[in-house]
1. With Cβ to Cβ distances under 10 Å as the rule, what net charge do the other residues near Val64 carry (K, R +1; D, E -1)?
2. Which whole-Hz couplings ³J(HN,Hα) result when phi for each residue of region 87-94 is put into the Karplus expression 6.51 cos²θ - 1.76 cosθ + 1.60, θ = phi - 60°, listed in order with x for Gly and Pro?
3. Which pairs in the list Lys21/Lys122; Lys38/Lys122; Lys63/Lys105; Lys34/Lys92 are over 24 Å apart, alpha-carbon to alpha-carbon?
Amino acid sequence: LNNGSLMGPQIYMCYRRGRDKPPLTDLGVLHDGKERLKQGCEIIQTTPSGRPANISSGASSQKVHITYRRASENMTQNALAVTDICIIIPSKGETPPHTFCKVDKNLNNSMWGLSAYLCYKKSVAKTNTISYKA
């Protein structure tokens, strides 16, 4: 996520798919101190190994976090959920894939790194379920 940065460790984004929790319905990027968290959203504070999940690199004092919103347990059959994620680097000619939403906030706030943006695709969340009357 901090591609081209001279300072700090390299940062990667991993995710898993599953049906054990309600799906994500929104993703975002929060620049700490510049904006407020949207209602109903959560901040990814730590990595699975317990390290800080601040994705800003190097000596920058401004923290940058990825945010998410989860669907309610009783979401409707045709509700949209996040089904795919990608990162684009526009200076390398990359654009969001067709049907992907771009979060228009730079993930890399270092003055040395390349601008990188989070993109995600939404699709119907419960496409594989079958309903019938018993």
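The numbers here are math on the coordinates, done by the rules we state, and not lab data. Note that the structure is predicted; figures quoted are calculated from it, not measured. Heads up, the Cβs are rebuilt from the backbone with ideal geometry, glycines too, and the neighbour counts pull from every protein chain shown.
1. +2
2. Computed from phi, the couplings for region 87-94 are 10, 10, 10, x, 5, 9, x, 7 Hz.
3. Lys34/Lys92
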